[in-house]
1. Just to be sure, is residue 182 at pLDDT below 95, farther than 22 Å from residue 82 by Cα and surrounded by fewer than 19 Cβ atoms within 10 Å (Cβ to Cβ)?
2. Could you check residue 30 against (1) at pLDDT 85 or above; (2) touching a strand residue (DSSP E or B) at 6+ places or on another chain (Cβ under 7 Å) and say which number it fails?
3. Return the residues of segment 266-285 that are in contact (Cβ under 8 Å) with a residue 40 or more places away in the chain and either farther than 18 Å from residue 11 by Cα or within 19 Å of the chain's Cα centre (by Cα) (or both); say none if nothing qualifies.
4. Output the number of the condition that residue 14 fails; it satisfies all remaining conditions of (1) farther than 25 Å from residue 270 by Cβ; (2) part of a loop (DSSP other than H, G, I, E, B); (3) at pLDDT 85 or above.
5. Which residues, counting only those in segment 220-265, are in contact (Cβ under 8 Å) with a residue 40 or more places away in the chain, outside any strand (DSSP E or B) and closer than 17 Å to residue 308 by Cβ?
6. Residues being without any contact (Cβ under 8 Å) to a residue 40 or more places away in the chain and within 17 Å of the chain's Cα centre (by Cα): count how many of those fall in segment 286-304.
7. Taking the conditions exactly as written (closer than 20 Å to residue 178 by Cβ and either modelled with pLDDT of 85 or more or in contact with a strand residue (DSSP E or B) (Cβ under 8 Å, 6 or more places away or on another chain) (or both)), does residue 63 satisfy them or not?
8. Return yes when residue 187 is over 27 Å from residue 291 (Cβ atoms), part of a strand (DSSP E or B), touching a strand residue (DSSP E or B) at 6+ places or on another chain (Cβ under 7 Å) and touching a residue at least 24 places away in the same chain (Cβ under 8 Å) and no when it is not.
C-alpha cells in the first residue's frame, strides 16, 4: 500500500494526447499507456520520517498520515527551457483506521518536483521530489493550493477548500515565487490583501467555484475564461463544469455535463480530474480529457474521457 505514485505518458509531435488500441471490451479499446518506475519502499511524495512510516504513512498508534495529493503538480517552468519544476501542496491528513479525520485543519506540506530531460537517459525515471517546507501552511491555516491551482499571465492562483465539501478560498503569487509566503496575496471581501485570513474569517468564499468535490482549474483559450471541471460530493462520477472571467469569479453555478459509469464497490467512483496537459496547446478544438477512479470489487480502473465543447 503506497500513498502516491507517478507515471509518464507519451505525447504526439504537437503535444497532443496519444492513445492506443487494444483488443477486448469495446468500452476499453482506446487506452492511454502509462509507464515509469515507482519505488516500493517509498511513495512518490515521500513520507516525512519523524511523522509517519514509509510507504503508507502508518503511525505506531495505528493511525495514518496519508499525504494524499489532491492535485497534480503546478508546473512553474516551461518544458524546453532546461529543468522542469513543479509544486504540490499536500495536507497532513491524520486519520484513524476508519478514515475519520483526527485533525480538523492539518498543516500542509509543500513538495517540489524537479526534472531535467537533457540529463536523464532512462525514460522510466521519475522526477526527483523534495520537501520545500514541512509546514508551509501551519495547522489551523487555510491550505491554499491543495484543492486546485492554475497559472495565467505569470500569476499562480491557488485554491483551497476550507473543510470537507466546504467553501473555496483563493490566494495568488507570482509563478516564480511559490516558495515565498511573503509574496502571497489573499482574496478577502472582494479584494486582494496581504493579510492572510483564518478558516473562519468572513468574506473568503469564492462562490460556485466547485461542485463540492475534487476537480481541476485551468484557463480555456477558446472561451477566454477560467474553467473548473470536477465532481460533486464524494463519491460519484458525475462531471460538472463552471466558468469565470477571472480566477476570483464571478463563477457560474456548476452544471452536470456527463454522468460516468461507476463500479460495483461501495465507493463506486471518485477523484474526477480534468487533464489539460493532454491537450495540444495548438489544438483548434475546444476539447478536454477527464479521468476518474472507478472502484470494482476486483480492483481499480481509471476511465479516460474525451470531451469536445462548442
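The values are calculated or read from the model by the stated rules, or taken from the named source; none is laboratory data. The structure displayed is predicted, hence computed values, not measured ones. Positions of Cβ are generated from backbone atoms using ideal geometry, with glycine treated the same way; all protein chains shown enter the neighbour counts.
1. No, not satisfied.
2. (1)
3. Passing the criteria: 270, 271, 272, 273, 274, 275, 276, 277, 278, 279.
4. (3)
5. The answer is 222, 223, 260.
6. 3
7. Values: closer than 20 Å to residue 178 by Cβ: no; either modelled with pLDDT of 85 or more or in contact with a strand residue (DSSP E or B) (Cβ under 8 Å, 6 or more places away or on another chain) (or both): yes.
It is false that residue 63 is closer than 20 Å to residue 178 by Cβ and either modelled with pLDDT of 85 or more or in contact with a strand residue (DSSP E or B) (Cβ under 8 Å, 6 or more places away or on another chain) (or both).
8. When the stated conditions are applied, residue 187 passes them.
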